[in-house]
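Data block below; observations after.
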Amino acid sequence: MYANSRIPTSAQTGIHERLPALLARHTATAFRKPYTGYNLAAFEASLARRERLAPKAPLIVDACCGAGESSIALARAFPEHYIIGVDQSGPRLARGKQNELPPNLDLVRADLADYWRLLRDAGIRLDRHYLLYPNPWPKIGHLIRRWHGHPVFPTVLELGGVIECRSNWRVYVEEFCFAVRYVTQREARCKPYVPDVALTPFERKYLDSGHALFRAEVDLT
Ligand SMILES: C[S@@+](CC[C@H](N)C(=O)[O-])C[C@H]1O[C@@H](n2cnc3c(N)ncnc32)[C@H](O)[C@@H]1O
């Protein structure tokens, strides 16, 4: 059955009580896990393609892009930008690459925990940044697997630009906003969201299953 997706259920109904302590640790201590060779190679190849195709174009990263449906839509909506969709799943990206891709789009297979830091190390800043329906990891013990609970999160915000996060789990977006406020002291609010047209396959599946959707957009420039 297609439109029978379940809303994430969790014993956690508000912001995780350990999130402030985790953010304190992650902002005080640099995340120094060594880069893996395959992420480094994927990053360097994607940087070379960008240098060749659009060295001056403002950059959009579609993080956790899956098969890249949202990346394709963004590339069409922002023709003057260069879009990099990043996902760790080879099969999903291979599915996406069966489409005819716009010339201002690159789909890259990499682990974002490395790719984001490599962008930061290269001094690259983003114009826009999308985090659409990341895995919610709703179990209480899974806080560190959510991106705002991961040690890479301060780096994600350092990349700047307008960052947008969407989820069908309200708590995820509320925690994302809490973490943005904690790290940057900028205003960030979780709001209910009803798109005119689904931007991603997960968004479409959740809408068709009758879920409420939540979104935050924060200007980090
Ligand atoms: C729930 S899917 C959402 C996909 C797409 N954004 C959508 O809305 O249809 C989450 C995606 O995050 C990707 N992902 C999870 N952890 C990742 C990581 N560390 N680095 C890169 N991609 C990751 C998964 O492979 C998966 O495609």
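Some points to look at:
- For the range 8-15, Karplus couplings with θ = phi - 60° (6.51, -1.76, 1.60), whole Hz, Gly/Pro x: x, 9, 7, 6, 8, 10, x, 4
- Protection proxy ranking of 69-76, 8-15 - average other beta-carbon atoms within 10 Å, highest first: 69-76, 8-15
- Hypothetical label at Gln98: residues of the range 56-72 whose amide nitrogen lies under 17 Å (7 Å Cα-Cβ projection): 66-70, 72
- FRET efficiency, 1/(1 + (r/R0)^6) with R0 45 Å, evaluated for Glu51 and Arg25 via beta carbons: 0.80
- In this structure the amide hydrogen of Val162, modeled in the peptide plane, comes within under 5 Å of the amide hydrogens of Arg128, His129, Leu220, none closer than 5 places in sequence on its chain.
- Taken along the Cα-to-beta-carbon direction at a fixed 7 Å, the label points for Thr9 and Ile144 span 2.7 nm.
- Whole-number percent relative contact order across the chain, with pairs defined as alpha carbons under 8 Å at least 6 apart: 24 percent
- Asp208-Tyr35 pseudo-label distance in nm [points 7 Å out on the Cα-to-Cβ vector]: 3.9 nm
- The range 192-206 and the range 1-58 have their alpha-carbon centroids 21 Å apart.
- Amide N proximity, the range 196-214 versus Arg76 label position 7 Å along Cα-to-Cβ, cut-off under 17 Å: 196-204
- Straight-line reach from Lys191: taking Cα to Cα under 29 Å and skipping same-chain neighbours fewer than 8 places apart, the lysines in range are Lys139, Lys205.
No value in this document is a laboratory result; all are computed from the given coordinates. Because the structure is a prediction, the values reported are computed rather than measured. Here the Cβ is made from the backbone with ideal geometry for all residues, glycine too, and neighbour counts use every protein chain on show.
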